[in-house]
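Contents: one structure, followed by commentary.
The values are calculated or read from the model by the stated rules, or taken from the named source; none is laboratory data. This one's a predicted model, so the numbers in the text were calculated from it and none came from an experiment. All Cβ positions, even for glycine, are placed from backbone atoms using ideal geometry, and neighbour counts span all protein chains on display. Surface areas here come from the heavy atoms of the whole protein model, side chains and all, with no ligands, DNA or RNA. Shrake-Rupley method; radii C 1.70, N 1.55, O 1.52, S 1.80 Å.
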There are 2 protein chains.
Amino acid sequence: MDQQTQQRIESRARIIKALAHPTRLFIVEQLSHGERCVNELTEMIGHDTSTVSKHLAVLKNAGLVNDDKRGLQVYYTLKTPCILNFLSCVEDVVQANLDEQLITAGGSD
Amino acid sequence: MDQQTQQRIESRARIIKALAHPTRLFIVEQLSHGERCVNELTEMIGHDTSTVSKHLAVLKNAGLVNDDKRGLQVYYTLKTPCILNFLSCVEDVVQANLDEQLITAGGSD
DNA sequence: ATATAATTTGGCTATATTGCCAAATAGCCA
DNA sequence: TGGCTATTTGGCAATATAGCCAAATTATAT
């Protein structure tokens, strides 16, 4: 594997990693409905504000969200709507896995 | 956040997590060109066979690949082609990030 | 200036992940 | 059976991640 391939793959992995956490997926889903400030997200998520803030920092670092400070609040928005298509693909996999489990469970043993 | 939402999101995160590693992304990319056995992948990746085998187990557990033992080899195939669309979206984000860095680097300071 | 509210940062512990080595397993062939 | 090859499994050490609390930062209003 040449170095260019390596780097390309690592860039991608960094972004996917940023999405690979339930809380951050939830945030992305919320932002797909419009901007949200840290406080709103924190209330929905039920973790410490600092934890939510750190998750947002991860998403921002990956280039997935933008932040916009207005007054005391910082409003976050989704930067890349195509992420949502990605998520619907992931949902297909979830469904396929469930179907398979049904088949496995229902099959002869 | 109700329990159903929680579970849905965790299912998704599990799958995304399986993709969130350079080696596993590389494997998925290779499999998009056709089936590969563990040995072939190991040679390309340059890690221990056991390491590659464990990465493959992660992908399999997430329902992303199938394995098929034929003789001594185990051949792995991609189970969900839509994953590739997902990756092309990720690539868009990579590009957007790069572009932004160029702008930032070139901007006035 | 002070008080208050929203957010971020630093620091800590607990847990999870990665990669290696060694050993176990599975299939083929003599 | 015994040897050989491909793959998986177990176990360990190093590193990364997540969450909490406390403290710092930023903006508003009195």
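Taking residue A:94 as the residue in question, decide whether it is within 14 Å of chain B (Cβ to nearest Cβ) and more than 15 Å from the chain's Cα centre (by Cα). Judged against the criteria, residue A:94 is a match. Can you work out which of the residues in the range B:38-48 that are on the phi < 0 side of the Ramachandran plot, free of Cβ contacts under 8 Å to residues at least 24 places away in the same chain and not polar (S, T, N, Q) is least open to solvent (accessible area, probe 1.4 Å)? For the range B:38-48, the residue satisfying everything is B:45. Applying the criterion of at least 1 residues that are away from DNA strand D (no atom under 14 Å from the Cβ) and either of a type in the set (S, T, N, Q) or within 8 Å of another protein chain (Cβ to nearest Cβ) (or both) to the helices (runs of 4 or more DSSP H) found wholly in the range B:4-71 leaves B:22-31. Could you tell me which of the residues A:65, A:52, A:94 is open to solvent by less than 20 Å² (accessible area, probe 1.4 Å) and within 19 Å of residue B:25 (Cα to Cα)? Result: A:94 is the single residue among A:65, A:52, A:94 that is open to solvent by less than 20 Å² (accessible area, probe 1.4 Å) and within 19 Å of residue B:25 (Cα to Cα). Among residues of the range A:38-87 being of a type in the set (Ser, Thr, Tyr) and modelled with pLDDT of 95 or more, the one that is nearest to residue B:80 (Cα to Cα) is A:77.
Inside the range A:25-37, residues that are open to solvent by 30 Å² or more (accessible area, probe 1.4 Å) and in contact (Cβ under 8 Å) with a residue 12 or more places away in the chain make up a count of 4. Provide a single number: the residues in the range B:68-86 that are among the hydrophobic types (A, V, I, L, M, F, W, C), touching a Leu at 6+ places or on another chain (Cβ under 9 Å) and surrounded by fewer than 18 Cβ atoms within 10 Å (Cβ to Cβ). Residues meeting the conditions: 2.
Search the range A:10-21 for residues being within 9 Å of the chain's Cα centre (by Cα) and surrounded by 22 or more Cβ atoms within 10 Å (Cβ to Cβ), and hand back the single one that is nearest to DNA strand C (Cβ to nearest atom). If we take residues in the range A:10-21 being within 9 Å of the chain's Cα centre (by Cα) and surrounded by 22 or more Cβ atoms within 10 Å (Cβ to Cβ), then A:16 is nearest to DNA strand C (Cβ to nearest atom). Figure legend. Inter-residue proximity from the range A:49-71: first residues at positive phi, second residues away from DNA strand D (no atom under 12 Å from the Cβ) and not basic (Lys, Arg), beta-carbon distance below 6 Å, spacing 6+ or different chains. Indicated pairs: A:63/B:93; A:63/B:97. Of all residues in the range B:72-99, exactly one satisfies the criterion of being in a loop (DSSP other than H, G, I, E, B) and within 16 Å of DNA strand C (Cβ to nearest atom), namely B:72.
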